[in-house]
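*Asks:* Have a look at this one.
The values are calculated or read from the model by the stated rules, or taken from the named source; none is laboratory data. Because the structure is a prediction, the values reported are computed rather than measured. As a convention, Cβ positions derive from the backbone with ideal geometry for all residues, glycine included, and neighbour counts pool all protein chains shown.
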Amino acid sequence: MRSLTRTLPAAALALVLCGCGFLDGGDGPGARTGFVELGPLQAPSRENLRPARLGHGGDTDRMYAALEAAKAANLPQVQEELTVRPSEGDTGLAFVLPGCQNTGARLEVDDGVVSADLTGAENVNCGQAEYFLATFTIGQGELPEDWTFAGSA
């Protein structure tokens, strides 16, 4: 019993110090439904890689065509993620984000502006940007009525 009481505090301290994946900030509101490494892109068109809604009324064909033209990796997985239809009462969102060896993404909703941020690449040095596709669903009740994507006019 004596060794157990010494081991538990040490294990708890190790979890606090290293985080062990638990302290990465979470996914923010909604739920991350997909995360695809795209690798470096060749001459990506920023306009065509702007965020899109998933499902009916979304513009994911534009996003997929731009990723295909930029020779993104993992295109079959990208197509699968971009053709997902969110459940009734949910809004699906897709973002292409530049980063470096990231392991996840988090959705942000701030004053009616919706964006996504990459997570999990602290203290990493990259010679060339990598890109990632992150998809999310969020309940329509969690979004303001007049929400917009970050950078939208």
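*Asks:* What number of residues in the range 84-106 are among the aliphatic types (A, V, I, L, M) and closer than 21 Å to residue 129 by Cβ? Steps first, please.
*Replies:* Going through the range 84-106, the residues among the aliphatic types (A, V, I, L, M) turn out to be 84, 93-94, 96-97, 105.
Those still in the list that are closer than 21 Å to residue 129 by Cβ too: 94, 96-97, 105.
Selection size over the range 84-106: 4.
*Asks:* Can you tell me which of 86, 144 is within 17 Å of the chain's Cα centre (by Cα) and either of a type in the set (Asp, Glu) or assigned to a loop (DSSP other than H, G, I, E, B) (or both)?
*Replies:* Step by step, each of 86, 144 is checked, and only 86 is within 17 Å of the chain's Cα centre (by Cα) and either of a type in the set (Asp, Glu) or assigned to a loop (DSSP other than H, G, I, E, B) (or both).
*Asks:* So in the range 52-83, with the set limited to residues that are part of a loop (DSSP other than H, G, I, E, B) and over 22 Å from residue 128 (Cα atoms), which one is modelled with the highest pLDDT?
*Replies:* Initially, the range 52-83 is screened for residues part of a loop (DSSP other than H, G, I, E, B), giving 55-59, 70-74, 83.
After this cut, where a residue has to be over 22 Å from residue 128 (Cα atoms) as well, the list is 55-59, 83.
Numbers: 55: 92, 56: 85, 57: 82, 58: 88, 59: 91, 83: 96.
That would be 83.
*Asks:* While we're looking at this one, here's another question. What do you reckon, is residue 153 among the aliphatic types (A, V, I, L, M), modelled with pLDDT under 90, surrounded by 14 or more Cβ atoms within 10 Å (Cβ to Cβ) and not in a strand (DSSP E or B)?
*Replies:* Details: among the aliphatic types (A, V, I, L, M): yes; modelled with pLDDT under 90: yes; surrounded by 14 or more Cβ atoms within 10 Å (Cβ to Cβ): no; not in a strand (DSSP E or B): yes.
When the stated conditions are applied, residue 153 does not pass them.
*Asks:* Oh, and also: Under 9 Å by Cβ, and 6 or more places apart or on different chains, what pairs join a residue from the range 66-89 that is within 14 Å of residue 53 (Cβ to Cβ) with one that is at pLDDT 95 or above and of a type in the set (Phe, Trp, Tyr)?
*Replies:* 81/35; 82/64; 83/64
*Asks:* Related question: Take residues that are buried (at least 18 other Cβ atoms within 10 Å of the Cβ) and among the acidic types (Asp, Glu) and tell me which of the strands (runs of 3 or more DSSP E) falling wholly in the range 90-137 contain 1 or more.
*Replies:* 90-99
*Asks:* Given the conditions (1) part of a loop (DSSP other than H, G, I, E, B); (2) at negative phi, and given that residue 43 satisfies all but one, which numbered condition is not satisfied?
*Replies:* (2)
*Asks:* For residue 5, indicate whether it is over 14 Å from residue 97 (Cβ atoms), among the β-branched types (Val, Ile, Thr) and at pLDDT below 50.
*Replies:* Numbers: over 14 Å from residue 97 (Cβ atoms): yes; among the β-branched types (Val, Ile, Thr): yes; at pLDDT below 50: yes.
The answer is yes for residue 5.
*Asks:* Scan the range 104-115 and report the pairs whose first residue is modelled with pLDDT under 95 and whose second residue is part of a strand (DSSP E or B) and surrounded by fewer than 16 Cβ atoms within 10 Å (Cβ to Cβ), with Cβ atoms within less than 8 Å and a gap of 6+ or a chain change.
*Replies:* 112/148
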